[in-house]
Amino acid sequence: MKKWISVVLALAMVLSMASYAFADEAKIGNLGAGIYSDKDDFNTYIASAIVSKAAGLVNITNVDSGANNQATQNDQVDAWIAKGADVIALSVVDTAAAEGLIQKCVNANNLPVVFFNKVITDADIINAYDRVYQVTSTTGSYGADIEAKIMVDAWQTGTFDKNGDGKMQVLMLRGDANHTATEPRANGVYDTLTAAGVNYDILADDYGDWDTTTAKEKMDSWISKFGDEVEFIVCANDAMALGALQSIQAAGYNEEGSASAKYIPIVGIDALPSVLDLIDTGAIYASVLQDSATQGWLVDQIAYNMVNNLDVKTGIDLEGMNIQYDETTKTFMVPYAAIGKDNLADAVAAYQ
């Protein structure tokens, strides 16, 4: 009996030592990370999340901006590799550059790569290298179907048909022409309105480049031309919604929020902290939450998994977190959610 107990204790000790050895071998790798532009507010929130969620997963002090210049981002990747990065994470400036960026990492002793925010849709490029994965919000219309559903529900109340013609008069601000979400978001709005049986006229539709200043400049021209004809302003992100609001308020609209005598509902995407109080007052009608915190954490967790040669889904509760995974493009997708006055707390919690 004593011999048997000794054997069991010895085996337990060996297993315990093996367990500690495995834990000691887990590597906290150095992450070189970059966003395509710090003018895209949502990208800056992902950058903040990558840094704030990094503890115990990766070592990172900051996330660099490519300043919307692919050559700049290429140089940044070269610098991270030279400084000993173990994994690279990028919101790539130009998705066409993805193959070359992957090759840089292959040449640097097969470094893992995580693309985020902008999806590389060419599955052949993504699947040619086994150490690359992607993180984004749910694709398809990139939240525009939810944005348009907000418009449909508002329109069906009968409140916003100013001229009583049964048609929604719309101004559309798109993102920048090179972003993978730009055209799907615009098309998603139009397709959803059509599918819901809403008749609409597009008074103007142009690129606002995700930027508040650019959006304001576009809207200054449009509001002076169309004025009271405008019944909805739809923006592909909240930064442009803020620019649109600045413009129309200067023209006398939405000055008292939803209580304004002259009012035009504005809808956006991202539900950024900077718009939540404006949604509360009604100055901006609604937005669609894009979960930057979860995306930033996913970048770190996937980086950790690849650095440690673990299954890429380790530590990620797909079902419990309602995260979709696309095998074709190796993409983890975080869902969107409509945000209005009645559920502002959901957006507040996401940014905390």
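The values are calculated or read from the model by the stated rules, or taken from the named source; none is laboratory data. It should be emphasised that the depicted structure is a prediction, and the values quoted were computed from it without experimental measurement. A quick note on method: Cβ atoms are made from the backbone with ideal geometry, for glycine too, and the neighbour counts reach across all protein chains shown.
Scanning region 305-341 for residues that are within 30 Å of Asp238 (Cα to Cα), free of Cβ contacts under 8 Å to residues at least 24 places away in the same chain and of a type outside the set (Asp, Glu) turns up Ile316, Leu318, Gly320, Asn322, Tyr325. More than 21 Å from Gln295 (Cβ to Cβ), modelled with pLDDT of 95 or more and in contact with a helix residue (DSSP H, G or I) (Cβ under 8 Å, 6 or more places away or on another chain), is that true of Arg174? The answer is yes for Arg174.
Among Tyr325, Tyr263, which is surrounded by fewer than 17 Cβ atoms within 10 Å (Cβ to Cβ) and either hydroxyl-bearing (Ser, Thr, Tyr) or assigned to a loop (DSSP other than H, G, I, E, B) (or both)?
Of Tyr325, Tyr263, the one residue that is surrounded by fewer than 17 Cβ atoms within 10 Å (Cβ to Cβ) and either hydroxyl-bearing (Ser, Thr, Tyr) or assigned to a loop (DSSP other than H, G, I, E, B) (or both) is Tyr325.
Looking at (1) at pLDDT below 95; (2) of a type in the set (Val, Ile, Thr); (3) outside any loop (DSSP other than H, G, I, E, B), can you tell me which one Thr72 breaks? Single failed check for Thr72: (1). Name the single residue, out of those in region 146-163 being part of a loop (DSSP other than H, G, I, E, B) and in contact (Cβ under 8 Å) with a residue 60 or more places away in the chain, that is surrounded by the fewest Cβ atoms within 10 Å (Cβ to Cβ). Restricting to residues being part of a loop (DSSP other than H, G, I, E, B) and in contact (Cβ under 8 Å) with a residue 60 or more places away in the chain, the top hit is Asn163.
When Ile120, Ile81 are checked against the criterion of being out of contact with any Ser or Thr (no Cβ under 9 Å at 6 or more places or on another chain) and either in a helix (DSSP H, G or I) or closer than 19 Å to Ala177 by Cα (or both), a single residue qualifies: Ile81.
Taking the conditions exactly as written (touching a residue at least 40 places away in the same chain (Cβ under 8 Å), within 30 Å of Leu298 (Cβ to Cβ) and part of a loop (DSSP other than H, G, I, E, B)), does Asn178 satisfy them or not? Working first, answer last.
Values: touching a residue at least 40 places away in the same chain (Cβ under 8 Å): yes; within 30 Å of Leu298 (Cβ to Cβ): yes; part of a loop (DSSP other than H, G, I, E, B): yes.
So Asn178 fits the description; yes.
Remark: Ala54 falls outside the filter, which requires a residue to be at pLDDT 95 or above, closer than 24 Å to Asp130 by Cα, assigned by TED's automatic domain parsing to the domain that holds Val307 and in a helix (DSSP H, G or I).
All of Gly166, Gly143 fail the test of being at positive phi and free of Cβ contacts under 8 Å to residues at least 40 places away in the same chain, apart from Gly166.
List pairs: first in region 73-93 and of a type in the set (Asp, Glu), second part of a helix (DSSP H, G or I), Cβ under 6 Å, 6+ apart or cross-chain? Final answer for the pair search is Asp86/Val307. Among the numbered conditions (1) buried (at least 22 other Cβ atoms within 10 Å of the Cβ); (2) farther than 29 Å from Ile269 by Cα, the only one that Arg131 does not meet is (1).
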